[in-house]
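Working notes for the structure below.
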Amino acid sequence: VEQNQERVTFRNVALTYQGAGAASLSGLSFSVKPGETVGVIGGTGSGKSSLVNLIPRFYDATQGDVLVDGHNVRDYPLASLREKVGVVPQRAVLFTGTIRDNLKWGKPDATDDEVLAAARAACCDDFIGRLPHGYDTPAGEAGHALSGGERQRISIARAFLKDAPIVVLDEATAFTDPENEERIQQSIARLTRGKTLLVIAHRLSTVAAADDIAVVDHGRIVAHGTHDRLLAACPLYASMWQAHVCAKAWSAVSRKEALDA
């Protein structure tokens, strides 16, 4: 008998925001198995962030069912549901308090050793060590004392520390430079091993090795499969991959020219 533990399932899901004329999501049906990584890609406004926001009930589907562990998310007490889900949002949310306080947001009883291990895994320890008071440095209002990339790495470390069985990464490396992105991707792969993982990606290289990739366009999944299968069978994915390769090559040339200048 197949176990539902940590499985995430969408059944004919639609979402229409209040006051919106058209549905943001429509007819979504797919499943993410325990231990599986599913990437979600699409253009700006395609609906990919809306899709994953339904899992921890940041929004509720207006049609269909979202299931976690075989149970409709609406049937869970909200706190119990969100205990199962670790989310790294596109825009990291930090609050006034120390860096340590922000790291422990998802696990208030974490030990100093656990905090340090999570920070190291998310490539935070180096820049935290350079702050005036290290982990006890105030983050500032909304984290203004940190750069966008540093705030994002704090958010990633926080999710690692929470250690939830389901992890949603929503453009989690969007504000990191290429060098740190590679290190963080290695950490994500190690620390999310065996978890149910959904990854929304701006940089397609982030999801190229995923077990399955869902291509979202105008609120619908228009194709899904592995990277190689989509390159051969999905023109939209192939064009996005080509654009990604060209952008990466241009970025490398620009960095070289800057270094040579």
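The values are calculated or read from the model by the stated rules, or taken from the named source; none is laboratory data. Only a predicted model underlies this, so the values are computations on that prediction, with no experimental measurement involved. Methodologically, a virtual Cβ is constructed for each residue, glycine included, from the backbone with ideal geometry; neighbour enumeration extends over all protein chains shown. When the accessible area is computed, the model is the full protein with side chains, heavy atoms only, and any ligands, DNA or RNA have been set aside. Shrake-Rupley method; radii C 1.70, N 1.55, O 1.52, S 1.80 Å.
See the values below:
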{"read-out": "Members of region 211-229 that are touching a residue at least 60 places away in the same chain (Cβ under 8 Å) and open to solvent by 10 Å² or more (accessible area, probe 1.4 Å)", "value": "D211, D212, D217, H218, R220, I221, H224"}
{"read-out": "Identity of the residue in region 152-172, under 23 Å from D217 (Cα atoms) and either of a type in the set (D, E, K, R) or more than 12 Å from the chain's Cα centre (by Cα) (or both), that ends up modelled with the lowest pLDDT", "value": "E171"}
{"read-out": "Checking L116 against (1) hydrophobic (A, V, I, L, M, F, W, C); (2) without any contact (Cβ under 8 Å) to a residue 24 or more places away in the chain; (3) more than 14 Å from I154 (Cβ to Cβ), the condition it does not meet", "value": "(3)"}
{"read-out": "Region 87-100, residues that are at pLDDT 90 or above and surrounded by 17 or more Cβ atoms within 10 Å (Cβ to Cβ)", "value": "I99, R100"}
{"read-out": "Filtered residues of region 200-221 (kept if under 20 Å from G27 (Cα atoms) and touching a helix residue (DSSP H, G or I) at 6+ places or on another chain (Cβ under 7 Å))", "value": "I200, I213, V215, V216, D217"}
{"read-out": "Given (1) touching a His at 6+ places or on another chain (Cβ under 9 Å); (2) at pLDDT below 90; (3) of a type in the set (A, V, I, L, M, F, W, C), number of the condition V1 does not satisfy", "value": "(1)"}
{"read-out": "The one condition in (1) open to solvent by less than 60 Å² (accessible area, probe 1.4 Å); (2) more than 26 Å from A210 (Cβ to Cβ); (3) of a type in the set (K, R) that R130 fails to fulfil", "value": "(1)"}
{"read-out": "Whichever residue in region 18-66 is of a type in the set (S, T, N, Q) and not in a loop (DSSP other than H, G, I, E, B) and, among such residues, is surrounded by the fewest Cβ atoms within 10 Å (Cβ to Cβ)", "value": "S29"}
{"read-out": "Flag for I213 being under 17 Å from G86 (Cβ atoms), in contact with a strand residue (DSSP E or B) (Cβ under 7 Å, 6 or more places away or on another chain) and at pLDDT 90 or above", "value": "no"}
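Yes/no per residue for (1) modelled with pLDDT under 90; (2) outside any helix (DSSP H, G or I); (3) in contact with a His (Cβ under 8 Å, 6 or more places away or on another chain):
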| residue | (1), (2), (3) |
| --- | --- |
| L103 | no, no, no |
| E150 | yes, no, no |
| A174 | yes, yes, yes |
| Q185 | yes, no, no |
